[in-house]
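S.K.: This is the structure I want to talk about, given as structure tokens.
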Amino acid sequence: MAKLSGTYVPSTSAWVREQVELYERTEGREGSTLRDTGIPVVIVTMRGAKSGSIRKIALMRVEHLGEYALVASKGGAPDNPDWYHNLVEHPDEVTVQDGPAPFSARVRLVDGAEYDAWWQRSVAVFPQYETYKQKTPRRIPIFVATPTGNSA
Ligand code: F42
């Protein structure tokens, strides 16, 4: 099972912290959807850009041919989520959990036609992303997480 070393500092957002905890404790049997929408989520673990601590978030599960889109929507807020900076700073220190155990991944920001393709896939999973897009002048960044194969 892939694991990042360091001190875990939970999100300051209670509903997220609790979902992460439930998902991990039950190996994805519980806490695996966004509230009662029935839409699946994944758990992303990363290294903090400033603290160097271990940070965890839940994101909508947007998977295609083994890769995952990590959509930095933050509900259409004017600013990027804090975790955006973590992935920019430490793209190789990421795990994704989509089921019983996390796997190591490398993330990259996507642009151009690749961005458009992943945006379509993301909206197909979670149409609310389109509403978020209308809410903010910010272009919502998308990282793509590619498994690195060492699920140690
Ligand atoms: N958020 C999305 O953006 N997209 C989604 O698709 C999504 C789906 C989703 C599904 C279920 C669920 O429970 C939550 C979901 N969320 C989704 C919310 C997501 O999990 C995050 O909570 C949200 O995107 C906000 O992320 P955030 O990183 O801004 O979290 C804040 C609340 C936070 O915890 N801030 C911490 C704090 O102390 O204020 C700092 C976190 C951090 O990473 N700090 C870095 C560090 O070094 O430790 C520094 C970061 C920097 O600014 O350099």
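The values are calculated or read from the model by the stated rules, or taken from the named source; none is laboratory data. Since we're looking at a predicted model, the values are computed, not measured. Cβ sites come from the backbone with ideal geometry, for glycine too, and all protein chains shown count toward neighbours. SASA here: full protein model, heavy atoms, side chains in, ligands and nucleic acids out. Shrake-Rupley method; radii C 1.70, N 1.55, O 1.52, S 1.80 Å.
S.K.: How much accessible surface does R61 have with a 1.4 Å probe, in Å² rounded to 10?
M.R.: That residue has around 70 Å² of solvent-accessible surface.
S.K.: Suppose the chain between Y8 and D92 were pulled fully straight at 0.36 nm per residue; how much longer would it get relative to their current alpha carbon spacing?
M.R.: Length difference between fully extended and current span is 28.5 nm.
S.K.: Set the Förster distance to 41 Å, then compute FRET efficiency between R108 and E27 from the Cβ-Cβ distance, nearest 0.05.
M.R.: 0.90
S.K.: Further question on the same structure: What do you get for the angle between helix 14-25 and the principal long axis of the chain? Use alpha-carbon atoms, 0 to 90 degrees, nearest ten.
M.R.: 50
S.K.: Run the numbers on the chain and let me know its relative contact order in percent, using alpha-carbon pairs under 8 Å that are six or more apart.
M.R.: The value is 28 percent.
S.K.: What residues qualify as long-range amide H neighbours of I39, i.e. H under 5 Å apart, gap of 5 or more or another chain, H built at 1.01 Å from N?
M.R.: Those lying under 5 Å, H to H, from I39 are L34.
S.K.: Using the Cβ atoms and a cut-off under 9 Å, what net charge is assigned to the surroundings of G76, where Lys and Arg are +1 and Asp and Glu are -1?
M.R.: Spelling it out: positives minus negatives among the neighbours equals +4.
S.K.: Roughly how many nanometres apart are two label points built 7 Å out from the Cα toward the Cβ at H85 and R139?
M.R.: 2.2
S.K.: Could I ask something else about it? Given a 1.4 angstrom probe, what's the average accessible area per residue across the chain, in square angstrom?
M.R.: 52
S.K.: Now, a different point. Please identify, among I142, I39, I57, the residue showing maximal mean-square fluctuation in a Gaussian network model of the chain using a 10 angstrom Cα cutoff.
M.R.: I39
S.K.: Rank E27, E114 by accessible area, highest first, at a 1.4 Å probe radius?
M.R.: E27, E114
S.K.: Given a 1.4 Å probe and every protein chain left where it sits, what share in percent of the accessible area of region 108-152 is carbon and sulfur?
M.R.: 56
S.K.: While we're on this one: Considering only protein heavy atoms and a 1.4 Å probe, what is the carbon-and-sulfur percentage of the accessible area of region 1-54?
M.R.: 52
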